[in-house]
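The values are calculated or read from the model by the stated rules, or taken from the named source; none is laboratory data. Computed from a predicted structure; not experimentally measured. We place every Cβ from the backbone using ideal geometry, glycine too, and count neighbours over all the protein chains shown.
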Amino acid sequence: MRLRTTATLVTLVIASCLIAPTALAQSACGSHKMVAENLNKTYAETPVSMGVTIGGAVIEVFASPDGTWTLVITQPNGVTCLIAAGKDWENLPKLAKGGTI
């Protein structure tokens, strides 16, 4: 299940790169500290999940109690950029090993 979730997340990131190159060129980037503080101050978002890409970048989802969410990537050089944002984030319950939804 975890592998499927990671694969889905990677697919979404790659698709967003292919579909919206102009938006990515204009993406908001900065230090991880600045981005995290800004998301918390502006939207009350905090990290709820994360993973490491094969290339060494860190992907994080920040979400708020109100359901807003932001997907960010931190490159190995330390630069953090916003990838996508939305609403209606929902945390799924953790399943026991071998469990199904």
Selection count, segment 64-101, where residues are basic (Lys, Arg) and either assigned to a strand (DSSP E or B) or modelled with pLDDT of 95 or more (or both): 1
Breaking point among (1) outside any loop (DSSP other than H, G, I, E, B); (2) among the basic types (Lys, Arg); (3) at pLDDT below 95, for LYS41: (3)
When residues of segment 53-63 are limited to those that are part of a loop (DSSP other than H, G, I, E, B) and within 13 Å of the chain's Cα centre (by Cα), the one surrounded by the fewest Cβ atoms within 10 Å (Cβ to Cβ): THR53
Segment 37-87: number of residues that are in contact with a Leu (Cβ under 7 Å, 6 or more places away or on another chain) and in contact (Cβ under 8 Å) with a residue 60 or more places away in the chain: 2
Test result for VAL48, surrounded by 12 or more Cβ atoms within 10 Å (Cβ to Cβ), among the aliphatic types (A, V, I, L, M) and more than 18 Å from ASP88 (Cβ to Cβ): no
Members of segment 69-84 that are surrounded by 15 or more Cβ atoms within 10 Å (Cβ to Cβ) and aliphatic (A, V, I, L, M): LEU71, VAL72, ILE73, LEU82, ILE83, ALA84
